[in-house]
Ligand code: ASP
């Protein structure tokens, strides 16, 4: 069976089993908390040590003022006037759904999250699934540093040293950076408008390690990009920017040493990159199982409430990708004198292969063939622009990274006061760009990279696991956009080199 069908099957099975846990296994409401009447809400009179109430930071004497499902949404906020109110809220919650209790004064509410009591029957059943979900995540995280390192070094050494190549290299890089940046910005605008993560009931545990991020200015981030010790950077999944910075420099200077060294090192990193791709393929082959255990865990704990925000998130990614593929890139083609419609028609086979394999690298042979034979771009241009593009130019991935990270940040902003400031938004743009450069052209590589951005922001990587459940269709779409952008780049760069792509078909808009 094709991988995407197996993933779909795993998704359905995971939702079914999780849903069954959710509806038929007992889970007592939020326990470990005794409350009494207070003038402005209910007062906490006792908190059992180690209980969810304790972990959420509630203390004796706190006043719970209200409960809301959707933060900032007055309509769904309910005042807590008596202990009976609280009991009925918890009853309804059934521990599946996440709600926010707000304590402190009504004007200055502090949210805490209602989570499942770990000792209950349902939690016990979910535990083994959570265990395998964690193992799966650890396998993904294991791949991050070596993949970034080898993929970037291989990409950069591929640029070569000759003067011609230099010139073409600069143009190519300029194109990559421009289009990826446009893609990220589109994603960012959309995700901020739609705001799919705000107040979403995703059932992820709140976290409180955000102080570090909050204090960082843009310049701090720039400064932190330079590792003071590369081995420190390699040993920390949150230090992705440092690894990328080092890899870019290292790759560049490989091209500056004597031929024998250069050849040896480039072929070494190429070989290492291929091994990493094989390893990644192996780990990613486990995705159907990963999706299954994750969904059992998440649906079992949280219920079905999370599908609405997830659906919204998917719609934002898909909408952004469509916008970029149908408007931004065609506009660039038009400016460069290539007919967008003609070019899209010619690129059909490559785009279709990208859609069905979810891998720019696997599609590369088809892309080369298509751009040369159907697009009539010279081999000199394609053999330079396309292999490089397949590893480092990923517009679709860049957009997706940005939307995914901000979606989760919006969620954590609601449940645990994550400071989603302009500074953080700028950081996300920069990191999404770099992550798209570092992502390998294989299925779900973008998701692996997302773990590093989350890590760098201090956000729990558990969030990415949730996105994994619905990743495949988005992966297919973003891979099409990645390959489409590579092919548009080839056409445009061919034009600037004096070539006339597509000209035999007579569809080129020749501006002379
Ligand atoms: N699958 C994508 C590609 O190969 C990378 C990603 O996961 O975003 O282009």
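Bear in mind these aren't lab numbers, they're just calculated from the coordinates by the rules spelled out. Only a predicted model underlies this, so the values are computations on that prediction, with no experimental measurement involved. Here the Cβ positions follow ideal geometry from the backbone for every residue, glycine too, while neighbour counts run over all protein chains shown.
Neighbouring Cβ atoms within 10 Å as the yardstick, rank 195, 267, 339 fewest first. Write down the numbers at each step before the final one.
Working: 195 17, 267 12, 339 21.
The order, fewest Cβ neighbours first, is 267, 195, 339.
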(request) May I ask for the distance between the Cα centers of segment 334-411 and segment 461-482, given as a whole number of Å? (result) 17 Å
(message) Under the rule a/c < 1.5 gives rounded, and otherwise a/b versus b/c splits prolate from oblate, where does segment 334-398 land using the Cα gyration tensor?
(response) rounded
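Would you mind putting 6-14, 478-486 in packing order, based on average other-beta-carbon counts within 10 Å, highest first? Let's see the in-between values first.
Values: 6-14: 18.3, 478-486: 29.6.
Per-residue Cβ counts within 10 Å, averaged per peptide and sorted highest first, yield 478-486, 6-14.
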(message) Just want the ordering: 261, 324, 4, from fewest to most Cβ atoms lying within 10 Å of their own Cβ.
(response) 261, 4, 324
(request) Give the span of segment 368-512's Cα atoms along each principal axis, as three whole-Å numbers ordered largest to smallest. (result) 59, 29, 22
(message) How would 394, 449 line up from fewest to most surrounding beta-carbon atoms within 10 angstrom?
(response) 449, 394
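For segment 297-370, just say rounded, prolate or oblate: build the C-alpha gyration tensor, square-root its eigenvalues into a ≥ b ≥ c, call rounded for a/c under 1.5, and beyond that prolate if a/b exceeds b/c, oblate if not. Spell out each step's value before the answer.
On the way: a/c = 4.57, a/b = 1.89, b/c = 2.41.
Note, shape of segment 297-370 comes out oblate.
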